[in-house]
Structure formats: structure tokens, C-alpha cells
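What follows is one structure encoded as C-alpha cells, with my remarks underneath.
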Amino acid sequence: MVVLIGTEKPKEEGHSPTDVRSKRLLIICALGALLVLTAFVAILVGTLGPIGPGIPEKISFSEAVNAIFTDSEYHWVFWNVRIPRVLLAGLVGAALACSGTAMQAIFRNSMADPFVIGVSSGAAVGAAIAGLLGLAAIIGVFAPPMFAFVGAVIAAFSVYMLGSVRGKIYVDSLLLSGVAVAAFLGAMVSFLIYFARQQYHQLIFWLLGSLTLASWDVVQILVFPIVAGAVVIFLYGRDLDALLLGEETAHNLGANPEFLKKLMLFVSALMAAAAVAFTGIIGFVGLIIPHISRLIVGSSHRTLVPAATLSGAIFLILADTLARTAVAPTELPVGIITALCGGPFFLYLLRRNSTGRDR
Amino acid sequence: MASKSGSAFDWKVWMVIAIVASSVVGFSAGYVLGGVQKKVTLSIVDDYGRTVELHGIPQRIVSVAPSPTEILFAVGAGSQVVGVDNYSDYPAEARSLPQIGSYTLNMEVIMSLKPDLIVSSDLVPRAQLDQLEAQGVPYFIFATRTMEDVIKDLRLAGSLTGHSLEAESLVAGLQARINAVTNKTLAAGVEKVRTYIEYYPLWTYGPGSFGNDMIRLAGGANIASNASNEYPELTPEFIIAQNPQIIVYTVGPMTTTTASDFADRSGWSITFAVSHDKIYSIDDNLVSRYGPRVVDGLEQLAEIIHPELFT
Amino acid sequence: MSLSVNHMSFSFGDVQVLKDISFEVSPGELMGVMGPNGSGKTTLLRCVTKFLPSEDGMVLVGSKPLNGLTPAEMAKTFAVVPQSSATDFPFTVHDIVMMGRIPHIGSRLSGESKKDIYVVHQAMERTNTVQFAKRIFSELSGGEKQRVIIARAIAQKPKVLLLDEPTAYLDISGQIEIMDLLKKLNREEGITTIAVLHDVNLAARYCDRIALLNQGRLEAIGTPKEVLNPETIQSVYGVDVSVRRDPLTQAIYIMPHSAATAIHKHGTRVHLLCGGGAGGIVMKSLHDGGYSVTAGVLNVLDSDYENAKDMHIQVVAEAPFAPISPENHAENLKLIDESIAVVVSPFPVGPGNLRNLEAATYALKSGKKVILLRPQEGQSVDFVDGRADALVKGLIISGATVVGDVEELLSQLATRRG
């Protein structure tokens, strides 16, 4: 065993890393506070007002506050339309960003996102089938999300089966099988769309991604899997760090690579499928947010996972706020906003990083 | 998860459980607000066979498609309409009403109008309508495929809004005009003129669509009446082989087709319609807004197809 | 802690990579594992750490078997330093070293404790990497990265430290840096260390013992001197080498000969008068040229004497520090009589070996062809107040040929041979 030579405290040289834990706590608290603030502001922004175009009429701040806390004229709108929507945006943004972080670690590739294992295309097929068969009328209003969820899970499972040999996951095969399955299912969706002209709008509406179906029911259904999933991924943060240095290194550090890959794939797929089932395919959040977070807070996952999760929630709340007010009363699919905002910001950050690296 | 013996394990596990539990509880808190139950006084079955229950004559109707808007105004219920979709531009009064989006509906605007009924066509995504219903607002679907459906819808709209008398008199007048046309066009011995109708280059009205029914009533034989679906895209070879006698194209805000285009399409000049310059246009609204205006459309179409019957 | 490997075997499918390997490593020992490519060195490490499931074979650490250890316990037993660690992700050096504490942070719910941070800091101090703590790992040089990985391994507080070709991608300064560090850690901390090394001389210089693998079998195990002899190396690597002792470190060092080319031996005898090390290259060229070479008179401490011994060349040997005796001189002349030509390489001439030049004069008088190699610029060979120069001048006047290098020498001999 190692014999400690001398027992002096570590010198505070300015490089001393004793503030790692406090830095982590600071980041999480700051982002948490920012999330709460963003949510409050988002609740005050909408077509009705007080911040917004004021359709059908503009209301004042006091009226809005009144509406939230008392049973006034617009109480119903705030409690049953706006607040669930902001909460849903936060949940889905958190789910996508957290899932994306885990996927990027598993695939050791910062270009991976939660949909790389076929979740989005599987959900699209499920939703398309439910829409075409008119199942909402027969089974109930949650039929399309149910089918979308099942489709997503089946697709992810197929990708997993194709990408592993005798129970051992090969990450490169997984990536390729994800591409193959997504391509195949994408063709199926196009085929279904083409032959169901009547339901064209229904399918497109779902595919472009939108939070317009937010309600307390949806929030209730999603909150447990998303929060629990995020907690699980956070708890395995150190293991993900080790996995990023290679499977042999992970093994030698005591992390169990096979179990870890399976667990992370399972949890990420579940979170992404749950989110996608209700909101359609909202892209970029799961790719950009983890990446940007990593550039800012570093790659240690015990800090990165909560940072990305909270940032994802903030980002989608902001994007959705824009989506529902920019061209009111028409709503833009939020997927367009995420792409428009995410892309250029990411390029900016990358440029700044690479010029900073020139020595 | 790896576990460790000792007190550190306990409080951290409880902290995690507390975080998850409080999130679930917090997020569900708002659900506590329930809906208010009211008495059902009116029960109507819509075009999808759904029984819609209302609490009194609806005074705050939101129409999320242009055809239902026209129907409501036509039976005199315009004053009961408080919101319309972006495409509802007829009649003129509809344009001044608050807009609530189109296809993608703005839930917030709709709910802040405090509607007691939503009327829709069958093209609007059902998921959003279902959600409005979950919020306590029933929806009524008009699914129009034939001219008879239009008549039926006008009557339904009348019952729905308490304007049954107005609806009946409107329907009577429309039916008379329809009969005036069909008595001539559907009489024995009248030749069915082969008609190709186009709302977008190569796209036409197939079997089961409204346009198909209109052609039939106007005394035409829709060359696409045996196509694979309601709104098929045909191939040029098929159209040319069918040799339509009349070509009609609809004109809407996005249309760029002109009559001379057809002669330019390669191979089309051998068709009867092109060689004899039997190319006509019709206002798109008259064949796709399923309200009283379709009767205008029918009359125009009949004159185009059988000019000899309507001098 | 001691480590013992007992009857370890492993196959990839049909190919048996490890064949019944058994050996022991004493506590605190620095053991090198060597062998040609494909001999199973890396596989051996992976079987020890259970990354690969070996078929049979028990591994004991401190006399306790590894069966039933959890992954975390395994990670507290072994720390592995691979050849290279590459990642695109922006981990800081501190992040990397902290990963060594993963097996020690028991609960997933806990973060790093003060002790973990202290151990990490200590490890970085030991490896002189503290100044890199906040830098991005992927931006460091190869040697710096390996030091960081070694810091991580130390932070793991293992019982046995395993390294898989830690210097493979390093330049010469990096290699020395890492091996010095390993040696220091091994000595100061007493961690049992096993390092797979590909560089024979590094292994000879730093390891207490060496295990030599060949085609999955343990060919030899012992001190560098015992294991790294020309016969063993020839049979395992197929290369001819000379073994010397590094004058500064007293460690063995290996000098490989170039790959043997077909030599057409014609047995023409040439006698070489040399000394001071310059004769080695002449011996080799003549030997490769197919000549049968003899040499003399050489002092046994002279490096040319060792060169001759390497090449199994017959040498007239003289005792250390002694002048050439009459008997040895006579034998020298006898060898000259049996040769067709005599080659004189520029050796430092002192009172003790002046007679070698006299032998050259004798050769010329006997009608033998004498070829002199010109000394290098500035090389002084006369330490007898000009008597050597005079003898050389005399040789040249009397018909000795002077050549500039061994190529010229060979062509001169060839024309003579006809």
C-alpha cells in the first residue's frame, strides 16, 4: 500500500482542485435558479399576454397574476393551457438533453443524440399507424402517444438486438444498425403518408414536433419516468466518465461496461421515447445542449449531467415560448425553432473555442 | 447501485426519493383543479357518428376550418361565432373575428375565447380537438363528401345553433337550384361528358371526394372515378388515354396554371379537350368550401360540361 | 503484494494465445514482460485483470485468489496503464486522475470526499503533474499524458501496478521520463509492478526480472543478465545480438546485428591488426565479405577484443595493461604467415602495442599485401613520440596500400584475390 510521505495539506496553488465539488454545486444551483426564473417568465408570455400579441385581448400583469391565483376570467387558460405547457417544455427539454448526454458517452461520440438508436423513427411509425387507423376515436385520446411510445421502444430494441452479439454490445455496430433501422422506418413513414392523403396533416403535424398537446395528464404521465431517468443517469456519471476512455479502462476502473451500456441505453431510450410520444420529433436539443454544456462545464459527468438536463429544460421552455408567440395565432413547430437557434449558437461556440486553442 | 453500509447511505437514498417524489407531487398539484359539471340539454350526432352533448344553444362557437365557418354564417349563426381559423375568409364578417391558427390550433387563444363548442372539418388533427374536449369543450365534425352531405350539414348546423327554420328555408332554395340542374344533366339520354378536373397539375378528385360527386351531378364522367384514392395524382399517359372531352382547372390564390398551359404539355394536344380548346376554369372555393357556394359551383360546372342544356 | 499466475491458458476461438503460463512476482518487484509481437503479452495482462476470461488458471494476489471479487475490488487490486489514452472529450487532467478513485467512492450517491481529493493531489505531485490539473488532457504531450495516467493508477492505490507498453508512443526523452518515474515509484512506494515492454534495453535497464514469452509460452524468466543472452534472443526473436554492459549504469544493453545475409565464404584469410574499437567495423565487413579473419594482438580489455569474440574471430590475446609479450608477438606473426593479406586499422599506438606495427612491417617484407586504413580527421594514433608515424611512413614507402574506408578496402582485397 502507498505510504504517505508527510501529511501536509495540499498546497493551495490556484491549481488546487479542492473547489471541484463547490464548483459543481454552484453550477447546479445557478442553473436551477435560472430554470425557475425562465419558467415564471414563460408563464407570463403567450398569445393572451401580458407579454405577447394579446389575442383575443391584451391583459395586464396584475390581471395575469390574478388569473393564476384566483378564479378570475382567464384562470382556466393559465392553469390548463399555459402552465402545463411550460412544465411540459421543461420536462421534455430535460429528457432530451439528459438522454443525449448519455448517448454521447455510450457512443464516445459527441455527434450522437437520443434518436440515434431509432427512437424517433419508431415513434413516427407508431403515430402514423395510430393516426391512419383512427385509433384515437376507438381507444381514446392517448392512443397515438401510446402507439408512438411502443413503436419507439420496439425500434430501439431492434437496434439493440442488431448491434449486439451474444449479449455483448458493440458500439460501432449499434450506431450503424441505428442508421439502418431509422432509414427503413423513415421509408415506411413516407409510404404511409403518401397513401393516407387525408391524414397527411395529422402526421406532418406530429412529425415536426410541437408542444401544443400539453395538459396536466401528459405532465403527470411524463414526470416520473423523466425525473427518475435523469436521476439514474446522474448517479452513473462517474461510470460514464470511465467508459469514455475505453471499455478496457472502464473495466479496469471497476465500472462494468456491459451493464452500463445496457442500462444507459434502456433509460435513455425510455426517456426519449416518452418525450417523443407526446410531442413529436423535436431535434437538436439532445445533440446541441450536451455539447454546449460540455464546452462550458467540462466533461466530468457528475457535473455535466445535471448541467445539461437543466439547460435542456431552460432551452426548450424558451424555444417553445418563441414558437407559440412569434407568428401568433399560428404556432410554429418548436422543432424549427430549436434548429434555427441551436445551430448558429453551436457554430459560434465552436469558433470561439478553436480560436482560443491556437497557441 | 453499489451500496455502502453506514448512515451516509440512508440519508442520501432518502434525499433521492424525496426529490423524485416531490417532483411528481409538485407537477401533479395543478391537476387538482377539476372541471365544472353542467346539465346536458342538447344531444346531436355529428358526421363521424359521435354524439355531441351540449348545455344549451352554443353562443360561443369557434370554427377551426373554413367550410364549417361558411355553413354557420349561412344558417344565420354568425353572431354566435367568436373565433375562426386563418383560412376562414368568407363571408366578409368572418375575417374580422379573432383567428386561432389553422391545422395547428393555438390552444391558448381558443381557450381564452371561452368557447362552448368547436366545429371542425375532418382535416384538422383530431389530437388537438380531443385535447380541447378534455378541457371541457365539445367538438363537432362536418365531414362532407357529397352534395347531399352539404344539405344535411346545413340542417345539422341549424339544429346545432337554434336556427333550424332559417336552415330549412336555405336548404329548400338550394335544393331547388340543384334539382334544376340535375333534372337536365341526369335525364335519360344525356351523354356523360368525359371530364378531367385539376386542382393542381396532375392532381384531381378521385372516387369518394366531393369534386367527384359534383362532376357526376353536373352530368360529367370523371375520368378519375376509378382511381386509387380520393385525391390521386394521375399520370399524363392515363389522362391522355382517357381522352377527356372537357378539362376544368380550379383557380385559387396559389394557382399558376393558365388555359394555354395544357396545349404545352407534351402529348396532350391529341386529346379532344385540348384539340377543341375545351379548357375552362372555375373558382376553387366553389368546389372546396362545402357550404352554399358549392351550388354556385355546380351550376357553373354544369354549364361548362353541358352548355347545350343551359342557354 | 506478491502476484502469482498459475497455469493460465487462453484461446481466441481456435487459436491458443496463452499456453499454461505460470510465474510469480515478488512483493515490490519490477517485472518486465517481453516477447515478440503476438507472443501473448497484452493478452496475459488482460487475463490477469479478468478483462478476458481465461480458461483455467488461477491468479493469486498476496496469496489470495481473485475469484469472487467484485469489479470495484478488482479495481482496488490492479491498476492498469495502457499504451495510450485518447479521448476527444474535454476532460481535465484532474478529472482523469480522479477517475482512479472510482472504485474507492463506494456509493453512487456520494461525491468525492476530501480524502479522494487529497490522494489525487498526492498522486499528481508524485508524478509531477500538479501544474496540469486544470488543463485539458488531450492537449498534453505523449509523455505528459502517460504521467497523468500513471498518476491515475497511483490514485487507485492498487496492490499491483500493470503497464502495457507504456513507452510505445513516446520519444526517447518520454521513455526515460516514464521509466525513471516507474522505477522511483517502485522503489519508494514498493508497489509490485509488472510492465510489458517492447524495448529490450529499457527492460534490461529498469527491470528487476524479466519474463520472456514466446508464442504463448513462458520461454524464460530471470534477471536481465540471465534472460537476455544472445542464444535466447536468437531463438525467440530470430535476431543476432551482441550483449554489452552499459558503462554508466552497469545494465546490460543489447546491440542487434543486421539481419544475416547469405555470405559466400571463400575462406580467404586476412589478418587484422587493430585496437581501440576501430577494428570492429572492419572485422564485420571482412566477415560479411566472406573472408576468414584473424586478429591480434589485442588486450583483453580492448573493445576490439570483445568485437572479435562476438564474431568468433581467432584472436591473440594479451593480459590487461601488459605490453605484448614475445610469445604473443610470435603467434601474431604466425597468423600473418597463414594469411594472404594484412589489414591495419588506425589503432592508438602506445609502447605496449608498438610491436603490432612491427608485425605489419614483417608482413610486407614477407610479401604479404598490407593495406592501411587512413585514420579519421584529427584522430591521433601515435603515442610513442613519432615512432609509429615513422613505421607507417616506412610501410607506405615499402608498398603498403592506403585506403580511405572499408569499401575501398574490400575492393582492394578483391583485386588482389583475383
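The values are calculated or read from the model by the stated rules, or taken from the named source; none is laboratory data. Being a predicted model, the structure only gives us computed values, none of them experimental. For neighbour counting, all protein chains shown are included, and Cβ atoms are generated from backbone atoms with ideal geometry for every residue, glycine included. Heads up: the accessible areas ignore ligands, DNA and RNA and are worked out on the full protein's heavy atoms, side chains in. Shrake-Rupley method; radii C 1.70, N 1.55, O 1.52, S 1.80 Å.
Give me the three principal axis extents of the range C:188-231 from the C-alpha atoms, as integers in angstrom, largest value leading.
Principal extents (largest minus smallest coordinate, Cα): 35, 20, 17 Å.
Could you give each residue of the range C:248-254 its phi-based ³J(HN,Hα) in whole Hz, using Karplus coefficients 6.51, -1.76, 1.60 with θ = phi - 60°, and x for Gly or Pro?
Per residue, the Karplus-derived 3J(HN,Hα) values read 8, 9, 6, 7, 6, 9, 9 Hz.
Evaluate the charge dipole of the protein assembly as shown about its Cα centre and quote only its size in Debye, nearest 20, assuming +1 on the Cβ of each Lys and Arg and -1 on the Cβ of each Asp and Glu. Can you show the working numbers first?
Details: 84 positive and 98 negative charges, 473 e Å.
Roughly 2280 debye, rounded to the nearest 20.
Which aspartates and glutamates, on any chain, are close to B:K152 with Cα under 12 Å apart, when same-chain ones fewer than 8 places away are left out?
Within the straight-line cut-off, B:K152 pairs with B:D46, B:D47, B:E168.
Taking a 18 Å limit on the Cα-Cα distance, which of the listed pairs A:K261/C:K76; C:K41/C:K159; A:K58/B:K114 fall beyond it? Working shown, then result.
Working: A:K261/C:K76 22 Å; C:K41/C:K159 20 Å; A:K58/B:K114 15 Å.
Going by Cα-Cα distance, A:K261/C:K76; C:K41/C:K159 fall outside the 18 Å limit.
Report the Cα-based extents of chain C along its three principal axes, largest first, to the nearest Å.
Cα spread of chain C along its principal axes, largest to smallest: 95, 48, 38 Å.
Place +1 on the Cβ of every Lys and Arg and -1 on the Cβ of every Asp and Glu in the range C:3-244, take the dipole about the Cα centre, and give the residue among C:V119, C:V241, C:V80 whose Cα lies farthest towards its positive end.
With unit charges placed on the Cβ atoms, the residue in question is C:V119.
Show which lysines lie in cross-link reach of A:K23 when reach means a straight Cα distance below 24 angstrom and same-chain residues fewer than eight apart are skipped.
A:K9, A:K11, B:K12, C:K114, C:K115, C:K134
Would you work out if the range B:206-311 is rounded, prolate or oblate? Take a ≥ b ≥ c from the square roots of the eigenvalues of the alpha-carbon gyration tensor; rounded if a/c is under 1.5, else prolate when a/b is larger than b/c, oblate otherwise. The partial results should precede the final answer.
Values: a/c = 1.44, a/b = 1.29, b/c = 1.12.
It comes out rounded by the Cα gyration axes.
Could you give the dipole magnitude of the range A:207-309 about its Cα centre, charging the beta-carbon of Lys and Arg +1 and that of Asp and Glu -1, in debye to the nearest 20?
Dipole magnitude for the range A:207-309 comes out near 140 debye.
Ordered by packing density, taken as the mean number of other Cβ atoms within 10 Å over each peptide's residues, highest first, how do C:115-126, C:12-23 rank?
In decreasing order of mean packing, C:115-126, C:12-23 become C:115-126, C:12-23.
Measure off, as a whole percent, the carbon and sulfur share of the 1.4 Å-probe accessible area of chain C, all protein chains present. Present the calculation step by step, with values, prior to reporting the outcome.
Details: 9600 of 18010 Å².
Here it works out to 53 percent.
Give me the summed buried accessible area for the A-C pair, 1.4 Å probe, to the nearest 100 Å².
4200 Å²
Set Lys and Arg Cβ to +1 and Asp and Glu Cβ to -1, take the dipole of the protein assembly as shown about its Cα centre, and tell me which of B:A92, A:G229, B:S275 lies farthest positive.
Of the listed residues, the answer is A:G229.
What's the carbon and sulfur percent of the range A:59-350's accessible surface, probe 1.4 angstrom, rounded to a whole number?
74 percent
Place a +1 charge on the Cβ of each Lys and Arg in the range C:271-411 and a -1 charge on the Cβ of each Asp and Glu, then give the dipole magnitude about the Cα centre in debye, rounded to the nearest 20.
380 debye
Among residues other than C:I191 whose Cβ falls under 12 Å from its Cβ, what is the net charge (Lys/Arg +1, Asp/Glu -1)?
Surrounding charge for C:I191 is +3.
What net charge do the residues around B:V274 carry, taking every other residue with its C-beta under 11 Å from that of B:V274, with Lys and Arg at +1 and Asp and Glu at -1?
-1
Restricting to DSSP H runs of at least four residues, report the calculated mean residue ellipticity at 222 nm for the protein assembly as shown, -39500 (n - 2.57) per run over all residues, nearest 500 deg cm²/dmol.
So the calculated ellipticity at 222 nm is -15000 deg cm²/dmol.
Of A:V141, A:I337, A:F266, which is farthest along the charge dipole of chain A in the positive direction, counting Lys and Arg as +1 and Asp and Glu as -1 at C-beta?
Final value for the positive-end residue is A:F266.
Per residue, what volume in Å³ does the Cα convex hull of the range A:159-289 take up?
130 Å³
Rounded to whole Hz and in sequence order, give me ³J(HN,Hα) for the range A:37-43 from the Karplus expression 6.51 cos²θ - 1.76 cosθ + 1.60, θ = phi - 60°, writing x for Gly and Pro.
4, 4, 4, 4, 5, 4, 5
Determine the sum of side-chain charges near C:E177: Lys and Arg each +1, Asp and Glu each -1, restricted to other residues whose C-beta is under 12 angstrom from that of C:E177.
For residues surrounding C:E177, the net value is +1.
Work out the P(r) tail for the range A:59-350: percent of alpha carbon pairs separated by more than 33 Å, whole number.
The calculated P(r) of the range A:59-350 puts 23 percent of pairs beyond 33 Å.
How big is the convex hull of the Cα atoms of the range C:100-229, per residue, in Å³? Could the numbers behind the result be given before it?
Values: hull volume 18.0 nm³, N = 130.
That works out to 138 Å³ per residue.
How many Å² of accessible surface get buried when B and A come together, counting both sides, probe radius 1.4 Å, rounded to the nearest 100? Kindly include the intermediate steps, with their values, before the conclusion.
On the way: alone 16120 and 18530 Å², together 30610 Å².
Using a 1.4 Å probe, the pair buries roughly 4000 Å².
What lysines does C:K334 reach when the alpha-carbon gap must be under 23 Å and sequence neighbours fewer than 8 apart in one chain are set aside?
C:K265, C:K284, C:K309, C:K365, C:K368, C:K369
According to the Kirkwood expression over distinct Cα-Cα pairs, how big is the hydrodynamic radius of the protein assembly as shown, in Å? Before the final figure, lay out the partial values.
Details: mean 1/r = 0.0269 Å⁻¹.
When all Cα pairs of the protein assembly as shown are included, the Kirkwood radius is 37.1 Å.
Can you work out the Karplus-derived ³J(HN,Hα) for every residue in the range B:97-103? Use 6.51 cos²θ - 1.76 cosθ + 1.60 with θ = phi - 60°, whole Hz, and x for glycine or proline.
7, x, 9, 10, x, 8, 6
Partner chain Cβ atoms within 10 Å, averaged over the residues of A:289-297 - can you pull that number for me?
1
If a/c stays under 1.5 just call it rounded; otherwise compare a/b with b/c (prolate if a/b is bigger, oblate if not). Do that for the range C:263-417, with a ≥ b ≥ c from the square roots of the Cα gyration tensor eigenvalues. List each step's numbers first, then the result.
Details: a/c = 1.38, a/b = 1.15, b/c = 1.20.
Cα axes put the range C:263-417 in the rounded bin.
Can you give the direction-averaged projected area of the convex hull of the alpha-carbon atoms in the range B:125-256, in nm²? Please list the in-between numbers first.
Working: hull surface 44.0 nm².
Over all viewing directions, the range B:125-256 projects a mean Cα-hull area of 11.0 nm².
Counting only other chains, what is the mean number of Cβ atoms within 10 angstrom of the Cβ of each residue in peptide A:156-167?
Shielding by partners across A:156-167 averages 0.
Sorted by packing (mean other beta-carbon atoms within 10 Å per residue), highest first, where do A:67-78, B:105-116 land?
B:105-116, A:67-78
Could you list, bin by bin from short to long, the percent of Cα-Cα pairs of the range C:265-305 in 10 Å steps?
Going from the shortest bin to the longest, the percentages are 33, 52, 15, 0.
If you take each beta carbon of peptide C:89-102 and count the beta carbons of other chains within 10 angstrom, what is the mean?
The mean count of partner-chain Cβ atoms within 10 Å per residue comes to 6.
How do the peptides A:244-252, C:400-408 rank, highest first, by the average count of neighbouring beta carbon atoms within 10 Å per residue?
A:244-252, C:400-408
According to the Kirkwood expression over distinct Cα-Cα pairs, how big is the hydrodynamic radius of the range C:3-244, in Å?
18.6 Å
Along each principal axis of its Cα atoms, how long is the range A:233-359 end to end? Whole angstroms, biggest number first, please.
57, 45, 17
Over all Cα pairs of chain B, how is the pair count split among 10 Å bins, expressed in % and running from 0 up to the last occupied bin?
With 10 Å bins starting at 0, P(r) equals 6, 22, 25, 19, 12, 6, 5, 3, 2, 0, 0.
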